[in-house]
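Enquirer: First the structure, which I've put down as structure tokens, then a few questions once you've had a look.
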Amino acid sequence: MTTSDFRKYAHQFADWMADYFENVERYPVVSQVKPGEIKSALPKAPPQKGESMDAIFNDFNRIILPGMTHWQSPNFFGYFPANNSMPSVLAEMLTATMGAQCMVWLSSPAAAELEEATMEWLKEMLGLPASFAGVIQDTASTSTLCAILTAREKKSGYEINSKGFSGKERFRVYCSEHAHSSIDKAVKIAGLGLENLVKIGVDADFAIRPDELEERIKSDIVEGKTPLCVVAALGTTSSTAIDPVRKIGQICDKYNVWLHVDGAYAGTALALPEMRWIADGLELADSFVFNPHKWMFTNFDCSAYFVKDPQSLIQTFTISPEYLKTSADDQVNNYRDWGIQLGRRFRALKLWFVIRSYGLEGIREKLRLHIGLAHKIKEWVLSDPRFELLAPVLLGTVCFRMTLPGLDEERINRLNEEFLNRVNNTGKAFLTHTKLNGKYTIRMSIGQTETREEHVVKAWELIVDEAQKIIYTIS
């Protein structure tokens with residue numbers, strides 16, 4: 001491809017991208033293809049000779065696009081958002097064009113120093129403790145693994161990295177019953193064993209019970225086990241429950257246990273002064289993560305990880321072969337030593353573009369809109385006898401179900417599953433589910449960048465319509 005060809009297709013693709021932003025809500029939110037349909041439409045072998053960009057792009061539109069679920073649709077209410085924005089996409093185009101591998105300062109000084117500056121901005125924007133130092137990871141799952149590995153090394157005097165497990169450690173990690181599955185995976189990868197992940201019960205609002213946490217820590221100590229790390233959630237995946245960070249932090253301080261706070265989704269809400277109560281006690285944490293790629297309009301992936309003691313993080317991950325040493329090492333942050341990856345993308349650029357484009361006021365305006373829309377849905381649920389609210393609404397997620405008097409729980413669960421499938425199969429909206437106290441629960445998460453009240457109103461009308469159809473069939 002010549003630069004002339006590149007220029008031609010780059011303009012064509014830019015027009016396609018702009019059209020996509022304008023028209024994304026016209027696509028079915030969830031792909032309508034069947035399993036195996038995309039693969040069967042692709043050639044079984046790679047081409048022997050290069051093909052034209054026209055042919056490739058035609059196949060993108062014909063084969064690939066119909067198989068995409070449109071996360072950027074304003075009618076996407078599933079999971080938690082993984083939203084983007086035009087400034088973020090523009091920055092990603094520049095990042096991809098430069099193709100920099102930002103492992104150390106020397107490999108791209110601007111990447112390292114912009115990351116340092118941008119993390120300082122985030123710390124100020126969210127009101128985080130001044131003692132925190134930050135680094136950009138790919139996901140919160142990786143950040144949680146970094147926290148557990150750092151806790152493991154610090155507790156072992158950094159000997160496990162050099163000598164391996166002695167077999168006598170018996171480390172224990174604690175989280176709530178509703179904590180994210182990435183903790184389970186991190187415990188496995190860190191070599192601690194799933195049997196040493198202790199799931200703590202929750203209260204009526206699905207937040208971890210500090211009294212039970214302390215009892216489990218005490219009993220483990222009596223049994224000769226070593227409490228290593230507690231992972232507290234600022235916004236559990238199922239219901240956005242908020243664990244009481246201050247009480248947990250006091251327990252961790254008492255028993256010398258690492259406290260990692262997972263705010264992957266909800267952490268962005270700390271940009272709102274009125275929401276900072278959810279992180280009361282965060283200064284007691286050893287590490288904290290939140291994802292700008294979830295609710296700060298920065299396209300995936302971009303996870304902001306903060307630590308109180310960066311030297312413990314660096315000592316856990318640093319590797320210094322001769323070919324990576326540079327004359328600037330003593331004067332700069334080489335972020336290859338702040339996490340698992342050696343090779344690193346220039347993620348700070350898109351975050352910088354987003355923060356500068358929206359400004360703190362613009363980010364806060366969108367967050368308040370999303371939270372306000374979630375509370376509207378909450379009121380609609382509470383005022384309609386066909387529905388039942390199943391969890392407190394603190395941020396942008398509403399947990400509810402269709403109520404069906406006179407039926408047993410198993411039948412109600414099956415009908416709510418059918419209800420959810422019917423809503424999603426229309427292609428007009430996408431919601432997901434969880435289970436709370438054994439009840440099949442519909443989750444409606446508000447947070448896509450361009451979601452407005454009109455989209456929420458239409459989605460609610462669809463929900464009511466599909467629920468009424470089911471109620472009619474069984475009445």
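Bear in mind that the values in this text are calculations on the coordinates, not laboratory data. If you're wondering where the values come from, they're calculated on a predicted model, not measured in any experiment. We place every Cβ from the backbone using ideal geometry, glycine too, and count neighbours over all the protein chains shown.
Enquirer: If N is the number of residues in the chain, what value comes out of its Cα radius of gyration divided by 2.2 N^0.38 Å?
Expert: The chain yields a ratio of 1.05.
Enquirer: Using a 10 Å cut-off on Cβ atoms, rank the peptides 95-101, 314-320, 83-89 from the highest mean neighbour count down.
Expert: 83-89, 314-320, 95-101
Enquirer: Between S219 and E177, what FRET efficiency comes out of the Förster formula 1/(1 + (r/R0)^6) with R0 = 25 Å and r the beta carbon distance, rounded to 0.05?
Expert: So, using R0 = 25 Å, E works out to roughly 0.90.
Enquirer: Moving to a separate point now. Using the membrane-span-like helix rule (whole DSSP H runs, Cα extent along the own axis of at least 20 Å, mean Kyte-Doolittle hydropathy at least -1.0), which helices of the chain qualify?
Expert: Values: long enough: 3-23 (29 Å, -1.04); 109-126 (26 Å, -0.12); 140-155 (22 Å, 0.03); 348-383 (45 Å, 0.21); 409-425 (24 Å, -1.52); 453-474 (32 Å, 0.14).
Membrane-span-like by this criterion, though nothing is claimed about a membrane: 109-126, 140-155, 348-383, 453-474.
Enquirer: Still on this structure: Which ordering of K123, K168 is given by a fewest-first count of other beta-carbon atoms within 10 Å?
Expert: Ordered by Cβ neighbours within 10 Å, fewest first: K168, K123.
Enquirer: How far apart, in nm, are the 7 Å Cα→Cβ label points at I38 and Y20?
Expert: So the two model labels end up 1.3 nm from each other.
Enquirer: List the pairs from K123/K308; K8/K44; K123/K350 whose alpha-carbon separation is above 19 Å, in the order I gave them.
Expert: On the way: K123/K308 12 Å; K8/K44 30 Å; K123/K350 17 Å.
Beyond 19 Å between Cα atoms: K8/K44.
Enquirer: I want the local charge near H293. Using Cβ-Cβ distances under 14 Å, sum +1 for each Lys or Arg and -1 for each Asp or Glu among the other residues.
Expert: Computed value for this residue: +1.
Enquirer: Ok, one more. What ranking do I38, I278 get, fewest neighbouring Cβ atoms within 10 angstrom at the top?
Expert: Details: I38 15, I278 21.
Fewest-to-most ranking of I38, I278: I38, I278.
Enquirer: Let me ask you something else. From Cα pairs below 8 angstrom and at least 6 apart in sequence, can you work out the relative contact order of the chain, rounded to a whole percent?
Expert: With pairs under 8 Å counted, the relative contact order is 22 percent.
Enquirer: Suppose the chain between A110 and T426 were pulled fully straight at 0.36 nm per residue; how much longer would it get relative to their current alpha carbon spacing?
Expert: 109.1 nm
Enquirer: In addition: Can you pull the one-decimal nm distance between simple spin-label points at E417 and E195, each 7 Å off the Cα toward Cβ?
Expert: 3.2 nm
Enquirer: Let me ask another. Given R₀ = 60 Å, what would the calculated FRET efficiency be for I56 paired with R246, taking r from the Cβ atoms and rounding to 0.05?
Expert: Values: r = 55 Å, r/R0 = 0.92.
Approximately 0.65, to the nearest 0.05.
Enquirer: Could you line up R172, R411 from fewest to most neighbouring Cβ atoms inside 10 Å?
Expert: Ordered from fewest to most neighbouring Cβ atoms within 10 Å, R172, R411 come out as R411, R172.
Enquirer: Please work out the Cα center distance from segment 295-318 to segment 337-399, rounded to the nearest Å.
Expert: 20 Å
Enquirer: Classify segment 100-345 as rounded, prolate or oblate from the Cα gyration tensor: take a ≥ b ≥ c as the square roots of its eigenvalues, call it rounded if a/c is under 1.5, otherwise prolate when a/b beats b/c and oblate if not.
Expert: Oblate shape, in that a/c is at least 1.5 and b/c is the bigger or equal ratio.
Enquirer: Under 13 Å from the Cβ of Q468, count the other residues' Cβ atoms, weight Lys and Arg +1, Asp and Glu -1, and hand me the total.
Expert: -1
Enquirer: Lys and Arg at +1, Asp and Glu at -1: add these up for the other residues within a Cβ distance under 13 Å of K308 and post the number.
Expert: Working: positive: K123, K154; negative: D253, E283, D286, D309.
Summing Lys and Arg as +1 and Asp and Glu as -1 gives -2.
Enquirer: Another question about this same structure. In terms of Cα to Cα distance under 22 Å, which lysines are near enough to K458, apart from those fewer than 8 places away along the same chain?
Expert: K366, K376, K378, K428, K469
Enquirer: Find how much the distance from Q311 to T403 grows on full extension, using 0.36 nm per residue of separation minus their present alpha carbon separation; answer in nm with one decimal.
Expert: That pair, Q311 and T403, stretches by 27.8 nm at full extension.
Enquirer: Give, in nm to one decimal, the length gained when the segment between S31 and M68 is fully stretched (0.36 nm per residue of separation minus the Cα-Cα distance).
Expert: Numbers: separation 37, 0.36 × 37 = 13.32 nm, distance 0.54 nm.
Answer, rounded to one decimal: 12.8 nm.
Enquirer: Check cross-link reach from K225 to the lysines: straight Cα distance under 17 Å, and skip same-chain residues fewer than eight apart.
Expert: Result set, ordered by chain and number: K154, K155, K168, K199, K254.
Enquirer: From the helices alone, meaning DSSP H stretches of at least four residues, give me the mean residue ellipticity at 222 nm for the chain, per-run term -39500 (n - 2.57), in deg cm²/dmol to the nearest 500. List each step's numbers first, then the result.
Expert: Working: 15 runs with 203 residues, N = 475.
Rounded to the nearest 500, the figure is -13500 deg cm²/dmol.
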